[in-house]
Amino acid sequence: MWLLVWETAFRLSGKEPWQFAPPSEVLSALWAGVADHTFLQALGRSLGRIGCGFGLALLLGTGMGFLLVHSRLCNWLAGPLVLGVQSLPSICWMPVAVLWFGLNERAILFVVLMGSVGSITMATRDGLRQIPVTYQRVASTFGASLTQRLLWVSLPAALPVFISGLKQGWSFAWRSLLAGELLYAVAGREGMGGLLTMARDLADYARMFAAMILIVCVSVLVDRVIFSRLEQHVRVRWGLAAR
Amino acid sequence: MTAESRSTAFQAVEKHGQDARATPKVRLRGVSKRFDTGVGKNARRFEAVKDVSFEVRDGEFLALVGPSGCGKTTILNLIAGFERPDEGEVFFEGRPVTGAGPDRLVIFQEHGLFPWLTVQRNVEFGLRVLGLDKHERRERAMHYLQMVHLTKFRRSYPFQLSGGMRQRTALARALAVEPQVLLMDEPFASLDPRTRDILHVELQSLWLQTHKTIVFVTHSVEEALRLSDRIVVLASQPGRVRHTLSVSLPHPRDFLDAALVEMRANILKEFEDELNILVKKEGDDDWRLEEGSISARPPRGVALGLGDGI
Ligand SMILES: Nc1ncnc2c1ncn2[C@@H]1O[C@H](COP(=O)(O)OP(=O)(O)OP(=O)(O)O)[C@@H](O)[C@H]1O
Ligand SMILES: [Mg+2]
C-alpha cells in the first residue's frame, strides 16, 4: 500500500531516479544487499556495538539510579548532572570520544553509552521512588534485611517503570549508534550508519533507501519482539494493565 | 455517658493494675504523635494522637474503634514500630518498641501482597526472610493455605484473585511466620458484606484455635462487637481514648445476637456527637447529621439478612 503511494509519488514528481529512488529499485537494492551479505554483516556489526554499549549503559545506569535514590549526597551532586547530560544529544560526545579513544570501536561505544545511560539512570531512580510505602512496610514487618529488601522487594517493585525506561534507553542507544556510525564510517568495518554514508558518497540512492528501510525494520522488530512484550507481560502480572 | 445508657453486657473495664496476671503483650503509655502538615506559611504541627494509654493482654482480641481520621492507623503504626511516638512509650512484652519485626505482624488494609509472586510464594515470603529451606517453606505455606482454604489457588497471581481471596492470602502469609501478635488495620473494610461475614467467621475460628493476640482496627462498631473481647473507643481531634469496654459474650458470635444489637445501639447513641466531628472535619462546615439518624438505623447484619455462622 505505502509502496504504491511511493511509486506514484515518484512518477508524479518527475524526478530522475538518482534524486528520488522508486520502490522497485530500492527493493531490488535491498535484495542485492542481503544477497551479497553486506547488509547482514553491517547489521551484525551494528547490533554487536549496540549490545555492548547498551549492556554497559544498563550496568552503569542501574548502579547510578540506585545511588541517586539511596544516597542523598549522590542525588545532590549528580542528580542535576544526569539531567543535564541527558538533554545533550549524544552525538555531541563524538568529538570528545575521538579525542579520548581515537577513531575506533570504543569511540562509538562511548557515544552509545552516553546516549542511553541517562534514561536508564532516570528509569531506575523513578522506578525505585514510586514503590508504594506498603511494600516497604510489609518487608519491615516480616523483618527483611537490607539486601533481602533490595532483591526481593525494591527490585521487582521497580520493574514496570524500569522497563518503560529501558525501552526509551534502547531507542536513544539506537539513534546514537547510527549517528556515530554515520559520522565516522570506518571502511571495511562499517555498520548500518556507515552503509548509509557509503551509499550517499557513491550516489547509490536506492541502496541508501534500502539501508534506511532495514534500520527502521530492525528497530521496530526489537521494540515489538523484546521490549513491548516484556512490558506488557510485566504490566499484566503486576496488576497494572488488563490482559 | 451516663451509667443507665449502657447495656448490662458491657461495663467500663477495670483500671489496669488490678488485672496483673502477667505483663501485657502490648502497652501504650501516654503516647502522643504529631505530624507536620501544610507547606510554607500554612505549615503547622497537627496532633494526630494525644496521650493515649491502653494495654493488650496475652491472647486477647482487642478492637480499636473510632471515626475516620481519629488516629487508628497511627496507633497501629506506632505499635508495629513503623513510627516513633513524640511523647510517651510503646512496650512490647515489657520492652520498648524500637522497630518493626515479625513478632508483631501487620495486615494492611490493601492486603499488601506482592503482585509479582504467586499466592504460595507470597505466603512463603516471611519464611524466606527467616531462612527456612525450600521443603520447610512449602510445607508451612501449604498448611496455612489450607487453613484459609486457598490451596487450589496457590499458583495464581494476586491480580487473578478476588478481594476476599487476597485478604485470606495476606492472612495466611502473616500466620505462616507464627507471630505472637497480629495487628490488623481495617483488613475487611473494602470487602462486600457477604465476604466480610465469611471472613469474620474464619477469623473467629482461627483465633479460637491459635489464641493469638490480635489488635483489630475498624471503624465499624458491628465488626468490633462481633469479634473482640475488648473495645477501645477513640475520639478524634486529637485522637485519644474515649473509653474502653469489654464484650463478655461467648465466641463465635453473629451479627444477629440480640445482646450485640442492643450494645450497638447504645454505643452509637454515645458516638453520634463524635461522628458529627468527623463530618465537619472531612466535609463542608454546614454538613451535619440529623439527630438520631445513625443510631436509629437497624444493624447492617440484620438489614442484609446475613445468616448464622456462614
Ligand atoms: N504522615 C502523615 N502526615 C500528616 N498527617 C498525617 C499523617 N498520617 C496521618 N495523618 C493525619 O493524622 C490523622 C489520623 O490519621 P490516621 O490515618 O491514623 O486515621 P485513621 O483513624 O486510621 O483514619 P481512617 O479510618 O480513615 O483510616 C488524620 O487526620 C491524618 O490526616
Ligand atoms: Mg486508617
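The values are calculated or read from the model by the stated rules, or taken from the named source; none is laboratory data. Owing to the predicted nature of the structure, the values given are computational and were not obtained by experimental measurement. Don't worry about glycine lacking a Cβ; one is built from the backbone with ideal geometry, like all the others, and counts go over all protein chains shown. All accessible areas refer to the heavy atoms of the entire protein, side chains included, with ligands and DNA or RNA removed. Shrake-Rupley method; radii C 1.70, N 1.55, O 1.52, S 1.80 Å.
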May I ask you to verify whether residue B:118 is surrounded by fewer than 22 Cβ atoms within 10 Å (Cβ to Cβ) and in the same structural domain as residue B:167 (by TED's automatic domain parsing)?
yes
Filter segment B:65-82 down to the residues that are within 14 Å of chain A (Cβ to nearest Cβ) and on the phi < 0 side of the Ramachandran plot and list them by number.
B:73, B:74, B:76, B:77, B:78, B:79, B:80, B:82
Determine which member of the set B:102, B:85 is away from ligand 1 (no atom under 16 Å from the Cβ) and outside any strand (DSSP E or B).
B:102
Mind listing just one residue for me: the one in segment B:223-248 that is open to solvent by 10 Å² or more (accessible area, probe 1.4 Å) and away from ligand 1 (no atom under 16 Å from the Cβ) and, of those, modelled with the lowest pLDDT?
B:248
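Each row is one residue, and each column tells you yes or no for (1) under 26 Å from residue A:90 (Cβ atoms); (2) within 14 Å of another protein chain (Cβ to nearest Cβ); (3) in a loop (DSSP other than H, G, I, E, B).
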position: A:138; (1), (2), (3): no, yes, no
position: A:157; (1), (2), (3): no, yes, no
position: A:161; (1), (2), (3): yes, yes, no
position: A:166; (1), (2), (3): yes, no, no
position: A:178; (1), (2), (3): yes, no, no
position: A:190; (1), (2), (3): yes, no, yes
Leading residue by the ranking (nearest to the other protein chains (Cβ to nearest Cβ)) among those in segment A:125-136 that are farther than 28 Å from residue B:179 by Cβ and surrounded by fewer than 19 Cβ atoms within 10 Å (Cβ to Cβ)
A:130
Hey, among the residues in segment B:172-219 that are within 16 Å of ligand 1 (Cβ to nearest atom) and surrounded by fewer than 17 Cβ atoms within 10 Å (Cβ to Cβ), which one's nearest to residue B:267 (Cα to Cα)?
B:189
Condition broken by residue B:62, with the remaining ones in (1) within 14 Å of chain A (Cβ to nearest Cβ); (2) open to solvent by less than 40 Å² (accessible area, probe 1.4 Å) satisfied:
(1)
Which one is farthest from the other protein chains (Cβ to nearest Cβ) among residues in segment B:87-112 that are crowded, with 16+ Cβ neighbours inside 10 Å and more than 16 Å from residue B:182 (Cβ to Cβ)?
B:88
Taking the stated definitions as given, is residue B:109 in a helix (DSSP H, G or I) and within 16 Å of ligand 2 (Cβ to nearest atom)?
no
For residue B:129, indicate whether it is more than 11 Å from chain A (Cβ to nearest Cβ), out of contact with any strand residue (DSSP E or B) (no Cβ under 7 Å at 6 or more places or on another chain) and of a type in the set (Val, Ile, Thr).
no
Looking at segment A:54-84 only, could you name the residues that are under 16 Å from the mean Cα position of the chain (by Cα) and open to solvent by less than 50 Å² (accessible area, probe 1.4 Å)?
A:54, A:55, A:57, A:61, A:62
